[in-house]
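Worksheet: the structure to be examined is printed underneath.
Read-outs throughout are calculated quantities, based only on the coordinates presented, and are distinct from any laboratory measurement. All of these numbers come straight from a predicted model, not from anything done at the bench. Positions of Cβ are backbone-derived with ideal geometry, glycine not excepted, and every protein chain shown enters the neighbour counts.
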């Protein structure tokens with residue numbers, strides 16, 4: 001018997017419709033979590049659970065269709081196999097550094113949102129992290145490198161503040177200190193290097209320009225130095241570099 005056939009039990013039809021409505025509700029919740037700009041343990045965990053519920057729920061709902069079942073199961077197995085493969089070597093970090101800067105620049109103009117880490121709203125440490133997460137994930141897919149994808153997922157799951165990035169904690173290495181960004185010798189740093197005073201953090205994008213999510217301005221901006229328009233560029237700063245960009 002098939003759905004829609006006169007002999008198909010009414011309770012089976014109602015059950016199928018209920019399950020599809022439930023699946024649509026899961027998708028709606030997942031989209032709501034994805035659009036919410038704040039990234040914390042609750043939003044990350046709930047987003048992950050909702051994603052798996054949506055994916056495996058869709059497999060269950062379409063299981064009776066042979067082609068759909070084969071394709072969905074094959075995609076699941078192939079992705080799991082890909083993630084289990086060893087990391088690939090990429091040599092120097094220059095290509096990742098360039099991709100990181102490009103990833104940072106994609107957030108220019110995004111609204112400042114404390115705790116945010118998305119195109120809907122982002123804060124100073126959020127853009128620093130999200131730019132690297134994006135570039136690592138895209139490199140992993142483009143070069144078939146599961147190591148980059150795994151590191152992107154790990155970085156996404158493990159939050160860190162401007163203070164954490166300034167102090168290192170294995171994520172960054174200290175290069176130097178400066179009385180201010182305005183007097184910093186920019187010839188001694190590379191695009192993708194970071195400046196932080198433990199409260200605020202920004203990234204160098206080359207040509208004496210820095211990108212930051214500035215709470216005073218209320219959005220992500222690129223600032224050319226020297227400048228007297230922002231307090232952050234007159235503050236003592238510690239210059240650090242992502243450890244993965246130092247390899």
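Odds and ends about this structure:
- Fewest-first ranking of 124, 160, using other Cβ atoms within 10 Å as the exposure measure: 160, 124
- Efficiency of FRET from Cβ geometry, residue 45 and residue 114, R₀ 22 Å, rounded to 0.05: 0.60
- Our estimate of slack between residue 77 and residue 180, defined as 0.36 nm per intervening residue step minus the Cα-Cα distance, is 31.9 nm.
- Acute angle (nearest 10 degrees) that the helix 66-84 long axis makes with the longest principal axis of the chain, alpha-carbon atoms: 30
- Alpha-carbon centroid distance for the pair the range 31-93 / the range 118-185, whole angstrom: 23
- Sorted by Cβ neighbour density within 10 Å, fewest at the top, the residues 229, 207, 123: 207, 229, 123
- Considering the chain, its Cα convex hull presents a mean projected area of 15.6 nm².
- Three-way shape call for the range 1-145 based on the alpha-carbon gyration tensor, with the a/c threshold at 1.5: oblate
- Cα convex hull of the range 134-247 - mean projected area over all directions, nm²: 7.5
- With respect to the chain, whose longest principal axis is taken over its alpha-carbon atoms, helix 41-61 is tilted by about 30°.
- Calculated translational diffusion coefficient of the range 82-166 (4 °C, 1.567 mPa s; Stokes-Einstein with Kirkwood radius over alpha-carbon pairs) equals 97 µm²/s.
- The calculated FRET efficiency for residue 18 paired with residue 141, based on their beta-carbon distance and R0 = 30 Å, is about 0.25.
- Subtracting the Cα-Cα distance of residue 29 and residue 228 from their residue separation scaled by 0.36 nm leaves 67.2 nm.
- Two-site label geometry, residue 169 and residue 102: point separation in nm, points 7 Å out along Cα→Cβ: 2.9
- Rounded tilt (10° steps) of 146-157 against the dominant C-alpha axis of the chain: 80
- Length gained when the stretch residue 11-residue 85 is fully extended (0.36 nm per residue, less Cα-Cα span): 22.1 nm
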